[in-house]
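So the structure is just underneath, and the comments pick up after that.
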Amino acid sequence: MTNEGDKKSRFYTCSCFTTDNIFLDDYKLHVRFVSEHQFRLEYQQLLTRFGCVTEQQFVDVLTKVSQEVDRRRRICETSAERTAAIKNTYEPLRPHVYHLQDSYLAPKLKQLVAYCSSSDACEEGLTELLEDVGAPRVYRLPVFEKSFCEQLVEELEHFEESTAPKGRPNTMNHYGILLNELGFDEDFITPLREHYLQPLASLLYPDCGGRCLDSHKAFVVKYAMNEDLDLSYHYDNAEVTLNVSLGKEFKDGNLFFGDMRQVSISETECTEVEHRVSEGLLHRGQHMHGALPISCGQRWNLIVWMRASQERNKLCPMCNRKPSLMEADGFADGFTKQSESQQNGFCELT
């Protein structure tokens, strides 16, 4: 399985992906699992305080966690199998949505990108063109035309209703679609990142890799009654994140932002931000955030985690250690083997 990124760099994942940041939905807790002994020492007492009080309850947690570790160990193989099966068996309803067109994009987004290429472009000038949402360094911007959002959701629903195999976006979202497996990476997400999001991130987030975004993970998440209603407080495996509301009809479900992940939640005051259909919220990946529950209807969100290998090669954002690299397919988790120019801190715009 290859994509556009492989033509420029070979991307890797960090070994912590297998063992770290496993989300226990019943207890709203991220955990690390290396062995049963380690897990009992680190989490049994904490889980007891959260309501895991019997041995059977703890065994159930152990089973879920060990199954997730096994799933992650096989993820490259199973993802490649799903991708091949989708390509061979799935017939798109709206094949044109797989290829990014200028007409799909909101005029304001194109104006913002044009400003970024002007000779006097600067962060202050760009932020004056963006809507202030109240949370620090979180920016709202129009992304797509609403008519395109409707067509994209129709395609996603068609795929969801098909018999084609589907993978979970992550351990926190139970309903959604991995867009690389469906075939969106090369002709949609990659040009969106390179030609439209990179110029914005270069001015807004130069301190956290915004100038050097060279890979991504893109997926769609779905919130609906009797399915996922909300999303717990968390940070992303990304340097910069774009979150676009695609529709459909729903009430409530606003996002909320706290502080950066290094700041304790007890010292954090959260800001609620409305999420509007066809518009996106751009923020730093390490900015803690979550989604409040919808009260009715159905909401689809497009999430693009953008990675800068120059940043994450120094320190894995998920385990806070020097990354231990493992072979993986496609963009993997955005790590590369450092070249001499990277070691010297040199960065090129992609």
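The values are calculated or read from the model by the stated rules, or taken from the named source; none is laboratory data. Just so we're clear, the structure is a prediction, and the values are computed from it rather than from any experiment. With ideal geometry, Cβ positions are generated from the backbone for all residues, glycine too; neighbour counts draw on all protein chains shown. Heavy atoms of the whole protein, side chains included, go into the accessibility calculation; ligands, DNA and RNA do not. Shrake-Rupley method; radii C 1.70, N 1.55, O 1.52, S 1.80 Å.
Descriptive notes on the structure:
- The range 193-249: radius of gyration over Cα atoms, expressed as a fraction of 2.2 N^0.38 Å: 1.38
- For the range 113-181: Kirkwood Rh in Å [reciprocal of mean 1/r, alpha carbons]: 15.8 Å
- Debye log10 I(q)/I(0) for the range 156-277, one point scatterer per Cα, at q = 0.12 Å⁻¹: -0.56
- Principal axis box of the range 59-149, alpha-carbon based, largest edge first, Å: 56, 38, 25
- Pairwise FRET efficiency - Asp60 versus Met225, Cβ, R0 = 35 Å, nearest 0.05: 0.85
- Paramagnetic label zone (point 7 Å from Cα along Cα-to-C-beta, Val113; backbone N under 20 Å) in the range 303-339: 303-308
- Summing Lys and Arg as +1 and Asp and Glu as -1 over all other residues whose Cβ lies under 15 Å from the Cβ of Glu91 gives a net charge of -3.
- Listed residue pairs exceeding 26 Å between alpha carbons, taken from Lys64/Lys251; Lys28/Lys166; Lys28/Lys337; Lys166/Lys322; Lys217/Lys314; Lys87/Lys337: Lys64/Lys251; Lys28/Lys337; Lys166/Lys322; Lys87/Lys337
- Whole-Hz couplings from phi, Karplus 6.51/-1.76/1.60, listed for the range 15-30; x for Gly and Pro: 4, 5, 4, 5, 10, 9, 6, 8, 8, 9, 4, 5, 10, 6, 9, 8
- Cα-only Debye scattering, the range 254-298: base-10 log of I(q)/I(0) at q = 0.14, 0.19, 0.25, 0.33 Å⁻¹: -0.38, -0.65, -0.96, -1.28
- Carbon + sulfur, % of accessible area of the range 94-336 - ligands and nucleic acids excluded, 1.4 Å: 47 percent
- The range 66-79 - phi-based ³J(HN,Hα) in whole Hz, Karplus 6.51/-1.76/1.60, Gly and Pro as x: 5, 5, 5, 4, 4, 4, 5, 5, 9, 5, 5, 5, 5, 5
- Phi angles of the range 321-329 translate, via the Karplus equation with coefficients 6.51, -1.76, 1.60 and θ = phi - 60°, into HN-Hα couplings of 10, 4, x, 9, 7, 10, 4, 7, 9 Hz per residue; Gly and Pro are given as x.
- Label assignment, Cα extents along the principal axes in Å derived from the structure, set (i) 74, 46, 37; (ii) 54, 48, 40; (iii) 63, 49, 45: (iii)
- Peptides 214-222, 253-261 ordered by packing proxy, namely the average of other Cβ atoms within 10 Å per residue, highest first: 214-222, 253-261.
- For Gln151, neighbours were defined as the other residues whose beta-carbon sits under 14 Å from its Cβ, and their charges (Lys and Arg +1, Asp and Glu -1) total -2.
- Placing Thr89, Thr54 in order of accessible area, with the largest value first and a 1.4 Å probe, yields Thr89, Thr54.
- Per residue, the accessible area of the range 94-336 comes to 39 Å², computed with a 1.4 Å probe over protein heavy atoms only.
- The charge dipole of the chain, taken about its Cα centre with unit charges on the Cβ atoms of Lys, Arg (+1), Asp and Glu (-1) only, comes to about 760 debye.
- For the range 233-275: rounded, prolate or oblate by the Cα gyration tensor [a/c cutoff 1.5]: oblate
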